[in-house]
């Protein structure tokens, strides 16, 4: 049980910084010559003071929200920095809108008729157990959602609002079993799990309530985003059945599946005028209101972030919601769920911290006699603020006039340096990644800890859990008045309570993290500005240290383990074109040897096309496929035809569109390096121009399957010989509707 603490008032000074990002700008387009250009725009720095409401102590502890009235008080305190909110709404549908009066008991899990029936429900997929691959995931045994899922026989694809089921093995007789449309607004459904004969499909929808706006008399509709989680039984491939249709307030953020439980996060914006708790429904019937929590922080709350666990084969559901900032990247181990977001400092509050900045930093560096006179002026009660500053400025100017030029310049340098350090400290404090740790065990959700580290995350691969410790790599970037934009990178080791045990700062100054991969006691880190520094970082102790570094042209967007001593990188080749600009060239696949950690090296690399060439694998690890036993590496490629000389049939495919879309298939070995086995084309003259934005590769036995928006193609793993092909789009056939 969480105990509410007593109330006190705590004064806190906060720096608010409006930052115009001084980062790396990319432009990638068909037929263009993309460049990497660094632009720096000085931001406006505003210093503010603020006082915390009596609802907060500043302890950062988690507290339970007991009622909607308390929620309104918390939001009013949090929202003081950009105006309050009003609660003059008249509720029309009290049974739904007034959450305090809605008593909901969680449903008990339905008892199966017998153990045999339950086991049968989980195994009657109609598939023969064969050797096959699935989604490329970060953590073993923690599945990630995707638009395509497969078992050893069937392939399931969600696209827009349709579900396709393909009998894919044997490949020679592969066929489309069913293509049906969900009765929803057409949208880009991308997230689905497969577990035996169950699909879990996520999509966004909206709920409709009625409210009377402030000072109005007529009820009006109010629309709120919800996330649907459909549990679909696909035991009968020709007649799938929707078993559950859960709706949870908020937009879908991300999800993971561990065993028979799907865990997913939804984000619902706070309506400061009409605040309410999220609710979970099942086929329009209320199931539960998640327990709600907030944090005793000095920050403006913006979102309810709801973590929900559902049993795919039963009725068990549990959920908790947290009032905090926007949730961003998540990381999930088999035992813990980590929610992160970038700290968002309060804004819109004018204050007087520039006064403190001057008296705390500048005045102590002035000559002692000047400091004494300034104190006398400050202690004169007859002076108002205007006259006080006028006299102080006059004394300082008089002091400057009496100094030698070199003495004055030396003083100015000391003041600038001190102000830069002062500004940097405050901005570092305001630019942090917040991490929340929640223990997961089937339907049990237990909030563990909150922590923070300086800087921002790149993606989920910037985080890792190992031996009960949490490791995280960040890029810190901020602007100071006298030094301009400062950028560096760091890695931190946190304990079970998310307290920082140690860290390594100032990695690759003036660069940003482009890719990261934690592997056991090592971190492989790629930063970039004009060349590609590849770092090997030791994490065997709580104090990380750089073991080795390799600098080569280009950069890697994604790193994937080959084994313990070798790492695969996928990114781009580049060249310096002067004036601080770097031009992107072709897509580059590289194999790094890290067996000698002090001297990492590139065994081999392969460059595809030119600046017109693009691969989804650069930005989506699910598009990357590698299997060491099968000796297969596959990445999707889309490129101008003229850049792919030497590739069979690239000249004859889609000349009207002048683009080639398909997959590059490689063999890879320590002794032989990277070898192109061949290509699989996914464009023809009848299909028109389709990109490769939904590109996936998997295998069943000795058949390699490649999927795009247009085709599912089947080729021999041994020689890439064509076996079969199924067209997925523009078939000209009717689509059946699921009833």
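The values are calculated or read from the model by the stated rules, or taken from the named source; none is laboratory data. Since this is a predicted model, take the numbers as computed values, not measurements. Note: ideal-geometry Cβ built from the backbone for every residue, glycine included; neighbour counts use all protein chains shown.
Remarks
- Complete set of residues in the stretch 166-177 that are under 16 Å from residue 232 (Cβ atoms) and surrounded by 18 or more Cβ atoms within 10 Å (Cβ to Cβ): 166
- Restricting the first member to the stretch 450-461 and to residues that are on the phi > 0 side of the Ramachandran plot and touching a residue at least 12 places away in the same chain (Cβ under 8 Å), and the second to residues that are buried (at least 20 other Cβ atoms within 10 Å of the Cβ) and assigned to a strand (DSSP E or B), the beta-carbon pairs closer than 6 Å and six or more apart or on different chains are 455/474; 455/475; 455/476.
- Filter result for the condition that a residue is assigned to a loop (DSSP other than H, G, I, E, B), at pLDDT 90 or above and out of contact with any helix residue (DSSP H, G or I) (no Cβ under 8 Å at 6 or more places or on another chain), over 589, 597: 597
- Residues in the stretch 178-196 that are crowded, with 16+ Cβ neighbours inside 10 Å and either outside any loop (DSSP other than H, G, I, E, B) or out of contact with any strand residue (DSSP E or B) (no Cβ under 9 Å at 6 or more places or on another chain) (or both): 178, 179, 180, 191, 192, 193, 194, 195, 196.
- Index of the failed condition, residue 620 passing every other in (1) modelled with pLDDT of 95 or more; (2) in contact with a strand residue (DSSP E or B) (Cβ under 7 Å, 6 or more places away or on another chain); (3) surrounded by 15 or more Cβ atoms within 10 Å (Cβ to Cβ): (2)
- Positions within the stretch 236-250 being part of a strand (DSSP E or B) and touching a residue at least 12 places away in the same chain (Cβ under 8 Å), in sequence order: 242, 243, 244, 245, 246, 247, 248, 249
- A count restricted to the stretch 651-685 and to residues that are at pLDDT 90 or above, assigned to a loop (DSSP other than H, G, I, E, B) and surrounded by fewer than 15 Cβ atoms within 10 Å (Cβ to Cβ) stands at 3.
- Hits in the stretch 61-73 - residues which are part of a helix (DSSP H, G or I) and within 20 Å of residue 447 (Cα to Cα): 71
- Of all residues in the stretch 204-235 being loosely packed, with under 12 Cβ neighbours inside 10 Å and assigned to a strand (DSSP E or B), the one that is modelled with the highest pLDDT: 206
- Hits in the stretch 600-628 (condition: in a loop (DSSP other than H, G, I, E, B) and in contact (Cβ under 8 Å) with a residue 60 or more places away in the chain): 600, 611, 612, 615, 619, 624, 628
- Test: residue in the stretch 296-306 that is under 30 Å from residue 134 (Cα atoms) and surrounded by 20 or more Cβ atoms within 10 Å (Cβ to Cβ): yes
- Test: residue in the stretch 536-545 that is under 23 Å from residue 675 (Cβ atoms) and surrounded by 19 or more Cβ atoms within 10 Å (Cβ to Cβ): no
- Inter-residue pairs, beta-carbon under 8 Å, first under 16 Å from residue 518 (Cα atoms) and in the stretch 482-505, second modelled with pLDDT under 95 and part of a loop (DSSP other than H, G, I, E, B), 6+ apart: 489/455; 489/508; 489/511; 490/455
- Flag if residue 137 is modelled with pLDDT of 95 or more and either surrounded by fewer than 18 Cβ atoms within 10 Å (Cβ to Cβ) or part of a strand (DSSP E or B) (or both): yes
- Counting only residues that are part of a strand (DSSP E or B) and surrounded by fewer than 20 Cβ atoms within 10 Å (Cβ to Cβ), the stretch 151-161 holds 1 of them.
- Selection status of residue 297, part of a strand (DSSP E or B) and at negative phi: no
- Complete set of residues in the stretch 398-412 that are loosely packed, with under 13 Cβ neighbours inside 10 Å and either within 41 Å of the chain's Cα centre (by Cα) or more than 25 Å from residue 480 (Cα to Cα) (or both): 398, 401, 402, 404, 405
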